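What follows is a set of notes on a single structure, which appears directly below.
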Amino acid sequence: MRPLSNWHNAIAHVDADAFYASCEAIRHPELKGKPICVLSNQNAFVVAKSYDAKAKGVTTGMSFYDARKLVPEAAYLPPDFRYYGQISGKMFSIFKRYSPDIEAYSIDEGFLDMNGMRMLWHKGYRQIADDIRESVKREIGITVSVGIANTRTLAKIASECNKPNGTTIVPGKRIERFLSDIPIEDIPGIGRSRMALLHKFEIRMAGEFAKADEGLVRKLLGRHGLILWRELNGQAVLSVETEPPLPKSVARTASMGEITADKRIIVAHLSRHTMRLISELVAKHLLAHRISVFLTLKSFESVGMEIRLDYPTNSLQRVSAAVRQAFSALYQEDVLYRGCGIVATHLSCESSATEDLFGFMHEDIRQAKLMLAVNEINEVHGNHTVAPASALPLRKRSEHKIRFQYPLLRAH
Ligand SMILES: [Mg+2]
């Protein structure tokens, strides 16, 4: 299948490089030259790392303990989604200058409909992409990478190709050449199991997938696979969703890639899902009122539990607490698990939550009063007489000298 022309459709994907770590670098200039790792809430896994931390071997999902052993000189910071959300907002307002039609795909990446923008700016796509990168760098102090192509899927693959701070332009006539070097697992939407299936049919590169028979693709991957196949062939099936309707739910679920009863591994996966879920809620200005946690058993059966939150929120602390509560209720030591997931439901827009402002304040005041009372008791009877239940496992862990052995830099 051949694209009609070089630019019958143009979509840009702009993706911030090492976003959370880069945000921290802006407000911590004293960390210049140091590798930066952002940790998960409570669990102390690395959820984001700067490029120099990555170069030294730190991977996303690595435990704080292992990362610290590998790169002791790095700064390890707690996550702050409120702050990342603010930087994200500034970044999207810059994108908006280059195209009126933008979609916030996640907290640090967006799609821009670029049709007609060459005429408007009297510039080619490469120059526009470079302008976007330079504006973000100059005005915010972080770098982004840009991919421009005929379709969303191609643009997203392209933005990955010259990271960090790179531009990749794929005109219609270059698609074939471009895809010949891309392994199929780099196609968004091709996970581990689809990759394994395609490998059985000798399809290893994105170029081979794009040239595969349409009927075979439908048979192997169904409708979803066909959409990807068309997108890779330059036919835009997925458009830039400028005002997506309020979703019914936001979910993060995945197979763990192993079958295990190890609580720490499952908690690590849930922790990563939680961070990604919160990142999406913050990016889309959504609040969740209920959180469901699922564990998939070895037998493919699944168990789940829904937690109703006190009020709609996208706070990492609150959602993490709900996830922990559900997990403790669901997890059984003698059972083997293969996957897990989190679903946020009963969603509302942040903007509509102002009506509930009193409710928020009420709850926060109640919590503040409670904390004051706890502090008083602790002052009289000694520290840790009263502590939140969620701190108990931490106290236990600190006895093993894992979590509190190293000072955490507190970000303000
Ligand atoms: Mg990114």
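Which one of Cys340, Leu287, Thr260 has its Cα pushed farthest toward the positive end of the charge dipole of region 249-356, where Lys and Arg give +1 and Asp and Glu give -1 at the Cβ? Projecting each Cα onto the dipole axis, the largest value belongs to Thr260. For a label point 7 angstrom out from the Cα of Phe300 toward its Cβ, which stretches of region 170-196 have the backbone nitrogen within less than 16 Å? The answer is 193-194, whose backbone nitrogens lie closer than 16 Å to the label point. A cut-off under 14 angstrom between Cβ atoms defines the neighbours of Pro244, and their net charge, with Lys, Arg +1 and Asp, Glu -1, is -3. Using alpha-carbon positions, what is the distance between the centroids of region 232-305 and region 46-111, in Å? If we compute the Cα centre of each part, the gap is 18 Å.
Using the Cβ of His273 as centre and a radius below 12 Å, the other residues enclosed give a net charge of +2, where K and R count +1 and D and E count -1.
Between beta-carbons, use under 15 Å as the cut-off and find the net charge around Ile107, counting Lys and Arg +1, Asp and Glu -1. Neighbour charge sum, excluding Ile107 itself: -3. Across q = 0.20 Å⁻¹, region 19-81 modelled as identical point scatterers on its alpha-carbon atoms has Debye log10 I(q)/I(0) values of -0.64, in the order of the q list.
Based on the alpha-carbon gyration tensor of region 84-232, what equivalent-ellipsoid semi-axes (square roots of 5 times the eigenvalues) come out, in whole Å, largest first? For region 84-232, the ellipsoid semi-axes come out as 31, 16, 13 Å.
The spread of Cα positions in region 64-146, taken along each principal axis and listed from longest to shortest, comes to 53, 23, 19 Å. Fewest neighbouring Cβ atoms within 10 Å first, the residues Leu238, Leu77 line up as Leu238, Leu77.
Past the 27 Å Cα-Cα mark, which pairs from Lys32/Lys96; Lys96/Lys284; Lys156/Lys284; Lys156/Lys219; Lys32/Lys163; Lys34/Lys90? Beyond 27 Å: Lys32/Lys96. Couplings 3J(HN,Hα) of region 91-100, computed from phi: 5, 5, 6, 5, 4, 4, 5, 8, 7, x Hz, in residue order, whole Hz [Karplus 6.51 cos²θ - 1.76 cosθ + 1.60, θ = phi - 60°; x for Gly and Pro].
Every number here is computed from the coordinates shown, using simple stated rules; none is lab data. Owing to the predicted nature of the structure, the values given are computational and were not obtained by experimental measurement. Don't worry about glycine lacking a Cβ; one is built from the backbone with ideal geometry, like all the others, and counts go over all protein chains shown.
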